[in-house]
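Here's the structure we're looking at; comments come further down.
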Amino acid sequence: MDQPICLLPTFVSDDCLESWQLIGSGGFGQIHRAKHKKWGMDVAIKLLHYNDGTEDLLREAELMHQGGNPNVLRILGVYKTQGQADVSAIQVGLVMEYMERGSLADLQKALNGPPPWPLTFRIINQIALGMNFLHQLNPPILHLDLKPSNVLLDDSLNAKLTDFGLAKIAKSSSKVIEDKDEEAAGTTSYMPPEAFGSSRYVPNFSTDVYSYGILLWSVIAGKQPYDFNISSLLRFRIREGDRPNLTSLDSSQADGLSNVIDLMKCCWDSDPKIRPKFIDCIEVTKNVYDLHRQHVPDAVHTILKQLDNKEKSCSSSAPLSRKPQTLKGGLKQHKEPTKKTLAT
Ligand code: ATP
């Protein structure tokens, strides 16, 4: 593997990171939590399954390191294993902010439903702000894998986007990871119909906007968008015009909800040209968030208490759905048990 030239701080194994724990795993790599010895704070490290595409990855990482937005996960540096004779065995990863409350998907599972309205509206506004920031960069970054497991939550349940640009890099890699059908379905649900139609399909801004429309439904309903999880069937049904069930959303439940429902319908329109830009989405999401903003502190307090009680009550097992596992004797392959039963 060629060593990429980059200006990002490099973290070399064992030099500065200790107390490693494995906290999750996805298609691109494993996520670990570790303590930075000198900074005295926790960081998250994403170790890539494969080193192909590392240079592309580092270019994007560098952009995000320099840029920075409150709703986009900060990349702190690059991680490299030390002193390997065989350079192809060097493992590369991204060192990122550690997000105390895991992902939005974790929250949905823990609550078994949606968060209170004020928090729901803050989350969807923050996601739109983060996406708009990525699209406004020069050159822009398309996310291409926007879904609940790629929205992370800090200790006050503020949302930050992660994994932006990784989908493109994984596709350009010669070793694209073959997902199991059930796992692939988690991503397929958020992909637009045009992605399944032609081999000449090129993703663009409207691809992310479509995913955002589906994500809006998922956040509001507090569950996964479709009640079946077979990727091939999903592809067919989405192309035929199927979308998440709108009759299950009652627009009279919260002020401004009908505006968000109108927005989601626009975002998931089959015609990419009809879909709005994120800057237009923010106009809607910010206005609705403003109607509920004053109740956010109470909502956050209630949910954090609920999560902490749940964690205490199952203290012998994992905190929420994220089971940390101390890393001893090298990096082992780890797959979190997934419970992706789609229920409506
Ligand atoms: P895929 O990458 O295949 O789309 P995924 O998004 O679930 O799947 P990862 O991005 O590897 O996979 O993340 C796995 C889990 O690790 C997340 O759902 C989240 O719980 C946790 N996680 C990821 N990044 C962080 C972070 N920076 N801080 C804390 N937890 C994280």
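Rule-based calculations on the coordinates, nothing more; no lab input. Please read these numbers as outputs of a predicted model, since none were measured by experiment. Methodologically, a virtual Cβ is constructed for each residue, glycine included, from the backbone with ideal geometry; neighbour enumeration extends over all protein chains shown.
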Checklist entry - Under a 5 Å amide H to amide H cut-off, with H placed in plane at 1.01 Å, what residues pair with residue 72 once short-range neighbours are removed? => result 161
Item to check | Long pairs among 46/305; 160/273; 35/80; 35/305, criterion Cα-Cα beyond 19 Å | outcome: 46/305; 160/273; 35/305
Item to check | Shape call, segment 191-234: gyration tensor on alpha carbons, a/c limit 1.5 | outcome: oblate
Checklist entry - Which order results if 215, 48 are arranged by neighbouring Cβ count within 10 Å, fewest first? => result 48, 215
Checklist outcome for this item: Per the C-alpha gyration tensor (a ≥ b ≥ c, the square roots of its eigenvalues), segment 206-288 is rounded if a/c is under 1.5, else prolate if a/b beats b/c, else oblate; here it's oblate
Checklist entry - Tell me, what HN-Hα J-couplings in whole Hz come from the Karplus equation 6.51 cos²θ - 1.76 cosθ + 1.60 at θ = phi - 60° for each residue of segment 269-284, using x for Gly and Pro? => result 4, 5, 8, x, 5, 6, 5, x, 8, 5, 4, 6, 4, 4, 4, 6
Next on the checklist: Going by amide H atoms built from the backbone, whose H comes under 5 Å of the H on residue 92, apart from near neighbours?
Outcome noted: 48
Item to check | Using θ = phi - 60° and Karplus 6.51 cos²θ - 1.76 cosθ + 1.60, couplings along segment 215-232 (whole Hz; Gly, Pro as x) | outcome: 4, 4, 4, 5, 5, 5, 7, x, 8, 6, x, 10, 8, 9, 10, 9, 4, 5
Checklist entry - So what are the ³J(HN,Hα) numbers for segment 263-268, from phi and the Karplus equation (6.51, -1.76, 1.60; θ = phi - 60°), rounded to whole Hz, Gly and Pro as x? => result 4, 4, 5, 5, 5, 9
